[in-house]
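Visitor: This is the structure, below, for whatever I ask next.
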Amino acid sequence: GKPPFVIWMGLKSGSTGNWANTDWKVVLPDGSYFNQLPREGFLDFSKNQAGGTWGTFVLNGNSGAFQNQYETVEIKKISDTELEKVGYTNRLYKLASVDGLKLSSKYNSIPNWSTIPNYPYGPSDAQPMISFEANGTFDDLGAFVTDFLRPYKDPQIAPGSGSYEIKNFTLILNYSDGRKITKAFSGVFNNKVTTTSELFFIGGNPFYSK
């Protein structure tokens, strides 16, 4: 079935093409919304979610607002998957479902990693890359490592491999060493995510296929 919530994604006002300033709004069926993306995904998502602020989303006909104690964002409905933020250029887009998706490519957090001349890692080095196979297996070369001089320093986020599943906007990585890492997972705006999408978000961070 579809997730029990809807996620709207956009760029914050004033930012263009800078994924560091992404605007996320997770809306529950009762109209309450959370103003951040839970980095670890949605397997344990609830009204007790930390790290952000809850508010209310109201839509009457084609106009409405997101409102919490810090912001009121007036919106106009453009389509079922697009909302205009009144007074701003950047819009909000409803994320397409990713349930059951299987991927078949390598993804790296460095833009244009496959073509830049000074890419700093060799083929077998730990690097911010994760490779997925359509058969449901993955090879994590260091997608979550924070210190590439000592990639195995923190065994919880060290490179490894195993099997993966994608559901409820969550990437579930079951490592063969027994670890389980979950991360929020989505495509870009209202674009459908496919096996060969060139960009998607893991834990809110962009990963690129080339």
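Visitor: Quick one, what does Rg over Rh come out to for region 2-84 if you take C-alpha atoms and the Kirkwood Rh?
Guide: Numbers: Rg = 12.8 Å, Rh = 13.5 Å.
Radius of gyration relative to Kirkwood radius: 0.94.
Visitor: Give me the one-decimal nm value for the distance between modelled label points at Asp99 and Leu199, 7 Å along each residue's Cα-to-Cβ direction.
Guide: Taking the two extended label points, one gets 2.7 nm.
Visitor: So, one more: I'd like to compare 19-27, 132-140: which one has the highest average count of other Cβ atoms within 10 Å, and what's the full order after that?
Guide: Values: 19-27: 18.3, 132-140: 15.6.
Highest to lowest by the protection proxy: 19-27, 132-140.
Visitor: Could you order the peptides 30-38, 121-129 from most to least packed, using the average number of other C-beta atoms within 10 Å per residue?
Guide: Numbers: 30-38: 18.0, 121-129: 14.8.
Highest mean packing first, the order is 30-38, 121-129.
Visitor: Moving to a separate point now. Over region 22-129, what portion of Cα pair distances is larger than 19 Å, expressed as a whole percent?
Guide: Numbers: 3424 of 5778 pairs.
Distances greater than 19 Å cover 59 percent of the Cα pairs.
Visitor: Over the chain, what is the relative contact order in whole percent, taking alpha-carbon pairs under 8 Å and six or more residues apart? Numbers along the way, then the final one.
Guide: Values: 474 pairs, mean separation 42.7, N = 210.
Dividing the mean separation by the residue count of the chain yields 20 percent.
Visitor: Same structure, new question: Quick one: 3J(HN,Hα) in Hz for region 48-58, Karplus 6.51/-1.76/1.60 with θ = phi - 60°, rounded, Gly and Pro as x.
Guide: 8, 4, 8, x, x, 10, 8, x, 10, 10, 10
Visitor: Continuing with the same structure: Figure the gain on full extension for Thr137 and Leu59 (residue separation times 0.36 nm, minus the Cα-Cα span) and round it to one decimal in nm. Write down the numbers at each step before the final one.
Guide: Details: separation 78, 0.36 × 78 = 28.08 nm, distance 4.13 nm.
Extending this stretch completely gives an extra 23.9 nm.
Visitor: Evaluate 2.2 N^0.38 Å with N set to the residue count of the chain, then give the Cα radius of gyration divided by it.
Guide: On the way: Rg = 18.0 Å, N = 210, 2.2 N^0.38 = 16.8 Å.
Cα Rg divided by the expected 2.2 N^0.38 Å: 1.07.
Visitor: Counting heavy atoms of the protein chains only and a 1.4 Å probe, report the per residue accessible area for region 1-155 as a whole number of Å².
Guide: Numbers: 8570 Å² over 155 residues.
Accessible area per residue, region 1-155: 55 Å².
Visitor: For region 119-177, calculate the relative contact order in percent as a whole number, restricting contacts to Cα pairs under 8 Å that are 6 or more residues apart. All intermediate terms of the calculation are to be shown ahead of the outcome.
Guide: Values: 91 pairs, mean separation 14.8, N = 59.
After rounding, I find 25 percent.
Visitor: Consider a paramagnetic label point 7 Å from the Cα of Asp30 along Cα→Cβ; state which residues of region 63-99 have an amide N under 13 Å from it.
Guide: none
Visitor: How much length is gained on full extension from Ser161 to Asn21, taking 0.36 nm per residue of separation minus their Cα-Cα distance? Don't skip to the answer; put the middle values down first.
Guide: Working: separation 140, 0.36 × 140 = 50.40 nm, distance 3.07 nm.
Gain on extension, Ser161 to Asn21, equals 47.3 nm.
Visitor: Right, here's the next one. Mind checking the dipole of the chain: about its Cα centre, +1 per Lys or Arg Cβ, -1 per Asp or Glu Cβ, Debye to the nearest 20? The partial results should precede the final answer.
Guide: Details: 20 positive and 19 negative charges, 50 e Å.
That gives a dipole near 240 debye.
Visitor: Among Pro155, Leu101, Gly87, whose Cα projects farthest towards the positive end of the dipole of the chain, with charges put on the beta-carbon of Lys, Arg (+1) and Asp, Glu (-1)?
Guide: Towards the positive end, the residue furthest out is Gly87.
Visitor: If you don't mind, there's one more thing I want to ask. Go ahead and set up a Gaussian network model of the chain, Cα springs under 10 Å, then flag whichever of Ile166, Ile78, Ile130 fluctuates most.
Guide: Of the options given, Ile78 has the highest mean-square fluctuation.
The values are calculated or read from the model by the stated rules, or taken from the named source; none is laboratory data. On a predicted model such as this, the values are computed, not experimentally measured, just so you know. Because the Cβ atoms are built from the backbone with ideal geometry, glycine has one as well, and the counts that use them run over all protein chains shown. The accessibility values were calculated without ligands, DNA or RNA, using every heavy atom of the protein model including side chains. Shrake-Rupley method; radii C 1.70, N 1.55, O 1.52, S 1.80 Å.
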